[in-house]
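One structure below.
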Amino acid sequence: MKRESVPLLDFLKETDGSILILTHENPDGDALGSALALYLFLKKKGKDVYVGCKDKVPHFLDFLPHVDEVISLPDGKFYDVGIIVDSAGFYRAGTEVNVGKRIRIDHHVGGEFYGRYDYIDPSAPATASLIYELIAKWDESAIDKEIATCIYAGLATDTGFFKYSNTNEYTFDLAKKLVHYGADPNYVYRMFSERESLGKMKLISKVLETLKLYEGGSVAGITIFDRFFKETGTQYSDSEGLVNYPRSLEGVEVAFAMIEKPEEGVWKVSLRSKVSADVSKIAERLGGGGHKYASGCKIKAQNYEEALDKLLTEIRKQLQIQGIGPYSASSEKIA
Ligand SMILES: [Mn+2]
């Protein structure tokens, strides 16, 4: 379902109440980039606006302009309006949210709806691109280097720095505009991808030891046990992006990462597809959601084996429904 930006635009122009912009827990570049871009813009427009998140800003995003203004939620305050970005619903905030009107800006398929001010477009490469559209319709001249950098960071990270299937003419067109307004592609890439710690490298090494193939090589997965974080002095946010290792194997169509979360008693699962599998269907059947190529869910189980079994059962089901076998370059048609 596609929702228009105009009702939201009119609402934001008129409102004089307090506005809290918030992201999902464990924010990624698109979530925080989108939230900060909208926050900086609305501040310029004289709005009483705040930006918040349950988790501490992760190291790989601490270069974003004005991250020190991100409020740690819950903060016990009431806001007239809450705008959640890049999330299928307010439940994704992972914390109590005390707001009057609820609004969602997002590019995920499905999820919760809060009314006519929601701005949702699953065809958008990133939530950040929706933020751009919203701002451009209001006052494009307000886009400065800081706002452009935040939007660019969201667009770049959600497209895997312009290589995933959501990379198209529009994506480059928008990137060009953002660079024109002052975003520096090399700076954003270096800040995001080339500031790893030695601990993170040791974590990757441990995680790669768990790499396994299933279903004749069309499925690959890694497991991140909680003890790995302790052994390497890393934390949960360091697991971001590791699912791309199993995806990079030849022949793999569905890749997954299972992350142990003992404090919640669940296994957090990240799912990725390479060409044709729709991993959002797998995630949805396990109580999660996302996009065709990138989705996630949480699995409750007595132990690791049970969680893995639940996951593999749903992956197998989806591959059967779609009639997908091991993928190779020669089987990919160039249309
Ligand atoms: Mn996104």
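Annotations
- Charge dipole magnitude, Cβ of K and R +1, D and E -1 - the range 1-77, Cα centre, debye nearest 20: 200 debye
- Computed from the Cβ-Cβ distance with R0 of 35 Å, the FRET efficiency linking Val67 to Lys300 stands at 0.60.
- Carbon/sulfur fraction of accessible area - the range 6-193, other protein chains in place, 1.4 Å, %: 50 percent
- Exceeding the 32 Å Cα-Cα cut-off - candidates Lys54/Lys300; Lys45/Lys281; Lys200/Lys292; Lys56/Lys202; Lys45/Lys292: Lys45/Lys281; Lys45/Lys292
- With the alpha-carbon atoms of the chain aligned to their principal axes, the span from lowest to highest coordinate is 57, 48, 39 Å, starting with the largest.
- DSSP bridge orientation in the chain - percent antiparallel, rounded to nearest 5: 45 percent
- The residue list Ile131, Ser5, Gly241 was ranked by how far each Cα lies along the charge dipole of the chain toward its positive end, using unit charges on Cβ atoms, and Gly241 comes out on top.
- Signed unit charges on C-beta, dipole axis of the chain, positive-most listed residue Ser141, Gly217, Gly288: Gly217
- Length-normalised contact order of the chain in % [C-alpha pairs under 8 Å, at least 6 apart]: 13 percent
- Assuming charge only on the beta carbon of Lys and Arg (+1) and of Asp and Glu (-1), the dipole of the chain about its Cα centre is about 440 debye to the nearest 20.
- Among the listed pairs Lys177/Lys212; Lys44/Lys268; Lys77/Lys298, those beyond 32 Å (Cα-Cα): Lys177/Lys212; Lys44/Lys268
The values are calculated or read from the model by the stated rules, or taken from the named source; none is laboratory data. Please read these numbers as outputs of a predicted model, since none were measured by experiment. Note that we place each Cβ from the backbone using ideal geometry, even for glycine, and neighbour counts take in every protein chain shown. The protein model used for the area step is the full one, side chains on, heavy atoms only, and it has no ligands, DNA or RNA in it. Shrake-Rupley method; radii C 1.70, N 1.55, O 1.52, S 1.80 Å.
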